[in-house]
Amino acid sequence: MSGLNLNHVTKQFGNFTAVNDVSLSVPDGTFVCLLGPSGCGKTTLMRMIAGLDLPTKGSIELGGADITAVPTHKRDLGMVFQSLALFPHLTVGENIAYSLRIRGTPKDVQKKRVDELLAMIHLPGFADRSVAKLSGGQRQRVAIARALAISPKLFLLDEPLSALDAKLREAMQVELRQLQQRLGITTIVVTHDQREAMTMADTVVVMNSGEIRQAAAPVDIYRRPADSFVADFIGQTNLLPVVADSAGRASVLGEMIEGISLPTGAAKGLLSVRPEDVQLTAAGHGAIAGTVTFIRDLGGAIETFVEASGTQVIAVSSPRNRPDVSVGQSVGIRLDPATSVVLAR
Amino acid sequence: MRREPPQRLADYGPLFFPAGMLIVFFVVPFATMIAVSVFQREQGGFYTPAFVFDNYARFLSLFFGKVLGFSLFLAIAVAAACVVIGIPFTYLLSRSPRRIQIVWLVALLSILSLSEVMIGFAWSTLFSRTAGITNLLVWLGLMAQAQALTPSFGAVMTAMTYQAFPYTVLVLYPALVRLDPTLTEAARTLGASPVKAFFTVVVPALRNTILATLIMVFIFALGSYLLPQLLGRPQHWTLSVLITDQAIYQSNMPFAAAMAVFLVLVSLGLVGLALYAGQQRQAK
Ligand SMILES: Nc1ncnc2c1ncn2[C@@H]1O[C@H](COP(=O)(O)OP(=O)(O)OP(=O)(O)O)[C@@H](O)[C@H]1O
Ligand SMILES: [Mg+2]
């Protein structure tokens with residue numbers, strides 16, 4: 001099977017398990033984001049793919065060949081480090097040409113390729129600059145160009161944009177995605193910014209404490225989270241307790257809701273409802289009863305905090321559909337079963 | 001932080017103390033030495049103020065030229081040996097577990113507490129026929145008969161490298177610890193084997209530190225006068241040995257001072273040349 005395959009990869013440091021039995025299959029040409037909270041093992045997983053760390057158990061295949069024990073320098077990959085790791089003693093051009101020089105490529109071919117890459121990253125004519133004199137975004141691009149110089153099979157980036165300010169980061173996300181689509185290179189990006197993952201990825205892999213919790217397309221991750229961790233980690237969500245009576249009818253916050261059912265046999269569960277799917281209406285008529293506790297007007301969106309049976313529910317609406325409520329008012333909450341997901345508790 | 005050049009005399013205040021120390025302990029003795037070097041020698045170990053260049057003229061001979069040449073060669077060889085052994089050693093040390101680093105650094109620091117005399121006698125025992133390391137080789141069956149390895153050039157080199165090695169490591173260590181370990185990892189992902197990464201990234205990135213270390217060990221080795229006498233033949237004696245000999249045994253202070261001044265000037269010249277060469281390469 002071509003592409004990148006991780007088979008039951010485990011990494012232990014002493015008796016601490018940093019990555020636990022991870023299996024993942026990345027088809028050629030896809031853009032994957034590894035997403036998860038700090039310390040969940042993203043960097044460790046990426047370092048094993050790069051060959052900088054050896055897995056304790058499991059195997060890694062690239063393009064059909066088992067590369068678990070192949071040393072890094074024979075793996076045919078490009079990697080961008082969080083610190084960028086540009087060589088301080090080399091110029092921009094020499095940095096980009098490093099992988100070609102190591103392979104003994106003729107000087108004129110090197111130069112041509114460097115010019116090509118500099119044009120690609122929109123820094124033409126920068127070859128003779130010192131890397132110390134570049135701005136953050138420029139250094140970023142040089143690191144990307146350096147990693148792509150030999151047209152590797154696999155492109156790895158560990159939190160490549162975390163050092164940039166918010167505006168530049170968004171621009172670079174789009175640029176990186178376009179570049180990847182143009183080159184069609186299999187790319188894995190580590191990030192702990194879920195917006196970044198949603199912007200760039202074909203597949204988002206959500207990790208927590210060394211394990212993969214869900215691997216799916218961004219929309220699916222958002223719309224159909226596999227568990228409460230994913231639902232909570234990706235975007236904002238309301239996690240509401242669901243209980244089923246003996247007949248199997250489910251009720252949320254004391255109100256029976258049609259169309260929602262727990263898995264057979266389960267008496268309790270959680271309902272994940274995105275704030276934009278929460279509808280505020282007049283109290284009564286089968287709606288969940290609650291009281292408005294706080295209203296936050298963010299300009300582009302209005303967040304209404306409602307307390308219902310001791311649980312806080314957040315509703316988001318656009319200024320166009322501004323709910324006609326005020327703090328202290330009793331309101332009704334309506335949930336749409338079609339946009340809600342029942343999760344195990 | 002913005003740095004402004006000092007405006008008033010008081011702004012130079014922090015410099016007064018080090019400047020004073022430098023004058024008392026370096027400028028004054030050195031000026032005295034320069035003065036003595038042009039004095040006239042009297043019989044019986046005394047000298048009278050004068051302004052003659054006889055003392056300098058005296059060592060413009062083939063003999064002193066050879067000794068000077070050998071001294072410089074030995075100092076350069078020791079500096080090169082220390083750096084060639086010291087860089088890989090310190091690199092591996094800086095990448096090893098903390099406990100191992102501490103053990104090694106303590107061991108190296110304790111070498112510093114040994115005097116040159118002790119180091120010299122220790123090595124002359126180790127290199128002797130009766131109690132030296134060749135006995136060990138005989139016992140292992142690698143050698144037919146124990147033999148003396150001293151006096152020889154190798155013995156002088158070994159002991160001097162041993163003596164200067166802790167300084168080398170202590171100068172290189174902070175630079176190597178500060179060197180971002182992801183630089184070598186980046187080189188490996190770009191297709192360089194660990195050895196190639198070491199030579200194309202670690203060594204060039206530390207160029208200035210390496211140059212500084214070379215100069216330091218060079219100057220340190222140039223002043224060594226006991227080890228060449230203890231472990232070498234007369235042709236391995238350095239200019240420092242001759243200076244000691246003139247100053248202490250022949251009581252010819254003006255001549256010793258002249259040689260010392262000359263040695264300082266030559267080594268300053270060489271250091272300047274090295275720094276200039278380093279800067280040329282950086283500017284390119
Ligand atoms: N060399 C090591 N020795 C021991 N433990 C380690 C080592 N490297 C990583 N760990 C541990 O493994 C866990 C995962 O680390 P990792 O760097 O992969 O996290 P991460 O997901 O990349 O986090 P972040 O988002 O903060 O970069 C952490 O708890 C870390 O302390
Ligand atoms: Mg990390």
From A:VAL9, A:VAL26, residue being touching a Ser or Thr at 6+ places or on another chain (Cβ under 8 Å), more than 14 Å from chain B (Cβ to nearest Cβ) and in contact (Cβ under 8 Å) with a residue 60 or more places away in the chain: A:VAL26
Checking the condition more than 12 Å from every other protein chain (Cβ to nearest Cβ), part of a helix (DSSP H, G or I) and touching a Cys at 6+ places or on another chain (Cβ under 7 Å), which residue from B:ALA159, B:ALA164, B:ALA260, B:ALA256 passes? B:ALA164
Tally time: how many residues in the stretch A:44-66 are closer than 25 Å to A:ASN15 by Cα and either hydrophobic (A, V, I, L, M, F, W, C) or touching a strand residue (DSSP E or B) at 6+ places or on another chain (Cβ under 6 Å) (or both)? 14
Is it the case that the stretch A:274-293 has a residue that's surrounded by fewer than 17 Cβ atoms within 10 Å (Cβ to Cβ) and within 19 Å of A:ILE234 (Cβ to Cβ)? yes
Please find, within the stretch A:38-65, the residue that is most open to solvent (accessible area, probe 1.4 Å) out of those that are within 14 Å of chain B (Cβ to nearest Cβ), part of a loop (DSSP other than H, G, I, E, B) and more than 10 Å from ligand 1 (Cβ to nearest atom). A:LEU54
Consider A:THR68 carefully, then state whether it is away from ligand 1 (no atom under 13 Å from the Cβ), closer than 25 Å to A:GLU196 by Cβ, assigned by TED's automatic domain parsing to the domain that holds A:ILE121 and open to solvent by 20 Å² or more (accessible area, probe 1.4 Å). no
Do you know which residues across the stretch B:199-248 are within 14 Å of chain A (Cβ to nearest Cβ) and part of a helix (DSSP H, G or I)? B:PHE199, B:THR200, B:VAL201, B:VAL202, B:VAL203, B:PRO204, B:ALA205, B:ARG207, B:ASN208, B:THR209, B:ILE210, B:LEU211
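Table: residues versus (1) in contact (Cβ under 8 Å) with a residue 60 or more places away in the chain; (2) within 25 Å of B:ILE210 (Cβ to Cβ); (3) open to solvent by 30 Å² or more (accessible area, probe 1.4 Å).
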| site | (1), (2), (3) |
| --- | --- |
| B:ALA81 | yes, yes, no |
| B:VAL84 | no, yes, yes |
| B:TYR91 | yes, yes, yes |
| B:ARG95 | yes, yes, yes |
| B:ARG99 | no, no, yes |
| B:LEU108 | yes, yes, no |
| B:LEU112 | no, yes, yes |
| B:MET118 | no, no, yes |
| B:LEU126 | no, no, yes |
Taking first residues from the stretch A:35-47 that are aliphatic (A, V, I, L, M) and second residues anywhere that are near ligand 2 (Cβ under 9 Å from one of its atoms), the pairs with Cβ under 6 Å that are 6 or more apart or on different chains are A:MET46/A:ASP158; A:MET46/A:VAL190
Filter result (within 18 Å of A:ALA289 (Cβ to Cβ) and of a type in the set (S, T, N, Q)) within the stretch A:317-339: A:SER326, A:GLN329, A:SER330
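Conditions tested, residue by residue: (1) within 12 Å of another protein chain (Cβ to nearest Cβ); (2) hydrophobic (A, V, I, L, M, F, W, C).
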residue: A:SER99; (1), (2): yes, no
residue: A:ILE102; (1), (2): yes, yes
residue: A:MET120; (1), (2): no, yes
residue: A:LYS133; (1), (2): no, no
residue: A:LEU157; (1), (2): yes, yes
residue: A:ALA163; (1), (2): no, yes
Selection status of A:LEU86, assigned to a strand (DSSP E or B) and either buried (at least 20 other Cβ atoms within 10 Å of the Cβ) or more than 16 Å from ligand 1 (Cβ to nearest atom) (or both): no
If a residue must be in contact with a helix residue (DSSP H, G or I) (Cβ under 6 Å, 6 or more places away or on another chain), more than 16 Å from ligand 2 (Cβ to nearest atom) and not basic (Lys, Arg), how many such residues does the stretch A:137-192 contain? 9
Given the options A:VAL32, A:VAL92, name the one that is away from chain B (no Cβ under 14 Å), away from ligand 2 (no atom under 16 Å from the Cβ) and of a type in the set (Val, Ile, Thr). A:VAL92
Where in the stretch B:1-83 are there helices (runs of 4 or more DSSP H), lying wholly inside it, with at least 3 residues that are farther than 28 Å from B:GLY223 by Cβ? B:13-22
Quickly run through the stretch B:178-198 and pick out the residues that are within 13 Å of A:SER83 (Cβ to Cβ), more than 7 Å from every other protein chain (Cβ to nearest Cβ) and open to solvent by less than 30 Å² (accessible area, probe 1.4 Å). B:LEU179, B:THR184
Going through the stretch A:20-37 one residue at a time, which ones are over 20 Å from A:PHE155 (Cα atoms) and either modelled with pLDDT of 95 or more or surrounded by fewer than 17 Cβ atoms within 10 Å (Cβ to Cβ) (or both)? A:ASP21, A:PRO37
Report whether or not A:GLY284 is among the small types (Gly, Ala, Ser) and either more than 16 Å from A:ILE257 (Cβ to Cβ) or outside the structural domain of A:LEU253 (by TED's automatic domain parsing) (or both). no
Scanning the stretch B:145-156 for residues that are of a type in the set (A, V, I, L, M) and either open to solvent by less than 50 Å² (accessible area, probe 1.4 Å) or outside any loop (DSSP other than H, G, I, E, B) (or both) gives B:ALA146, B:ALA155, B:VAL156
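Please find, among A:ASP220, A:ASP245, the residue that is at negative phi, more than 16 Å from ligand 2 (Cβ to nearest atom) and either among the hydroxyl-bearing types (Ser, Thr, Tyr) or more than 14 Å from the chain's Cα centre (by Cα) (or both).
Exactly one residue qualifies, and that residue is A:ASP245.
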Part of a helix (DSSP H, G or I) and open to solvent by 60 Å² or more (accessible area, probe 1.4 Å): which single residue out of B:LEU142, B:LEU170 fits that description? B:LEU170
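The values are calculated or read from the model by the stated rules, or taken from the named source; none is laboratory data. The structure displayed is predicted, hence computed values, not measured ones. All Cβ positions, even for glycine, are placed from backbone atoms using ideal geometry, and neighbour counts span all protein chains on display. Heavy atoms of the whole protein, side chains included, go into the accessibility calculation; ligands, DNA and RNA do not. Shrake-Rupley method; radii C 1.70, N 1.55, O 1.52, S 1.80 Å.
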